[in-house]
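Enquirer: My questions will all concern the structure given below.
The values are calculated or read from the model by the stated rules, or taken from the named source; none is laboratory data. Note that the coordinates shown come from a computational prediction; the quantities given were computed from them, not determined experimentally. Cβ placement follows ideal geometry from the backbone for every residue including glycine, while neighbour counts extend to all protein chains displayed. We work out accessible area using only protein heavy atoms, side chains counted, and drop any ligands, DNA or RNA first. Shrake-Rupley method; radii C 1.70, N 1.55, O 1.52, S 1.80 Å.
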Amino acid sequence: MSTTSPAAKTERLLNLVICLLYTRQPLSKARIRDAVPQYGETASTEAFDRMFERDKDELRDLGIPLRTEPLDAYFDDEPGYRIDRREYALPDIVFEADELAVLGLASRTWQQASLAGAASTAMRKLQAADVERDAASILGLEPRVRTTEASFTPVKDAVLACRPISFDYRKSDGAVSTRHLQPWAVTNWHGRWYVTGFDTDRGAPRVFRLGRIDGAVKATGRPGAYQVPDDHDPLRMIEGVEVEREPQPAVLRVLVGAGNTLRRRARTVGDIDDHWSQLDVDFTDTEVFAEQISGFGPAVRVIHPPELTQAVVRRLRAARDAQEAR
């Protein structure tokens, strides 16, 4: 009986789809096995064959047009496989406002929201093997996730390109320093986004929370400047350094009729007047909570503690500056 978890199987199928969409030409089973990390971990060729046959059937049952074509126009003794983008692509879909809201929330829970993990490894292997790329197909597949972290896109792009970056990073005590990183992966853990990689200043692997990156992320090297370790496990790295702290109290003033998510998590809620309520809310991370509060704009004011006020003001000013720069 297979012990593969549903999440691992889903990731393997997604990587297979990405691999077969990547190419304009059919791929042999040998190339597919080399490109998709989970296939390379199989114990034997026979085990890979069985897994690949099951995965092919499952993709077809899901309606994905996996095509079998000869690798050589003159010799059809070895089949190749690919997904035709024209058959795979969905027509334009129009959603209502409430449907878009639900999809927006769902996208935040997709923990592999970018191609910055095993899928990007598969694409790098195909590129190294001189497989002709169909870039438009990958762009159609990669989910576009809206995150509150302004650094998400440049960090994700640096991961995909294996390009070194630098950024200002604010620690939990408020101290800011410039860090230089070879980013390996962008990962969501417990609702927060992290980048793992090699800190060239410290000469060791490190984890950074995207919500604590201050200002712009700058490229400091050329694409392909380093290699991601084959055994890199971002979740294990993050779990090893992230420890939840004891809750801290905050006092907020919230406009009547606004901030319902804050009201639900508050220990106490009291009316100040006809326009404002006062909430006592516990939080564990200043930067993360400031990100949530700043999303309410002028409808929420921080009364205490001062460091939370400063974190919210910093984010609102950054949003204003970004808007003025457009």
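Enquirer: How much of the pair distance distribution for segment 151-241 lies past 18 Å, counting alpha-carbon pairs only, in percent? Mind showing how you got there, number by number?
Expert: Working: 1538 of 4095 pairs.
That tail contains 38 percent of the Cα-Cα pairs.
Enquirer: Excluding residues on the same chain fewer than 8 positions from residue 56, give the lysines whose Cα lies under 25 Å from its Cα.
Expert: Partners found: 9, 29, 125.
Enquirer: Sticking with this structure for a sec: If you place +1 on the Cβ of every Lys and Arg and -1 on the Cβ of every Asp and Glu, how big does the dipole about the Cα centre of segment 174-215 come out, in debye to the nearest 20?
Expert: Details: 6 positive and 3 negative charges, 25 e Å.
Using only the charged Cβ atoms, the result is roughly 120 debye.
Enquirer: Follow-up. Which distance in nm do the two modelled labels at residue 231 and residue 246 give, with both placed 7 Å along the Cα-to-Cβ direction?
Expert: Calculated label separation equals 3.8 nm.
Enquirer: Given a 1.4 Å probe and the protein chains all in place, what does the accessible area of residue 171 round to, in Å² to the nearest 10?
Expert: 100 Å²
Enquirer: Residues with amide H under 5 Å of residue 162's amide H, sequence separation 5 or more or different chain, H placed in the peptide plane at 1.01 Å from N; which?
Expert: 224
Enquirer: What nm distance separates the two modelled labels at residue 317 and residue 276, each placed 7 Å from Cα along Cα→Cβ?
Expert: 2.2 nm
Enquirer: Dipole of segment 254-326, Cα-centred, from +1 at each Lys and Arg C-beta and -1 at each Asp and Glu C-beta, to the nearest 20 debye?
Expert: Working: 10 positive and 11 negative charges, 43 e Å.
I would put it at about 200 debye.
Enquirer: Excluding same-chain residues fewer than 8 positions from residue 156, which lysines have a Cα within less than 17 Å of its Cα?
Expert: Leaving aside lysines fewer than 8 places away in the same chain, those within reach of residue 156 are 218.
Enquirer: If you don't mind, another one. List, in order, the whole-Hz ³J(HN,Hα) value for each residue of segment 220-226 obtained from phi through the Karplus relation with A = 6.51, B = -1.76, C = 1.60 and θ = phi - 60°; use x for Gly and Pro.
Expert: Per residue, the Karplus-derived 3J(HN,Hα) values read 10, x, 8, x, x, 7, 8 Hz.
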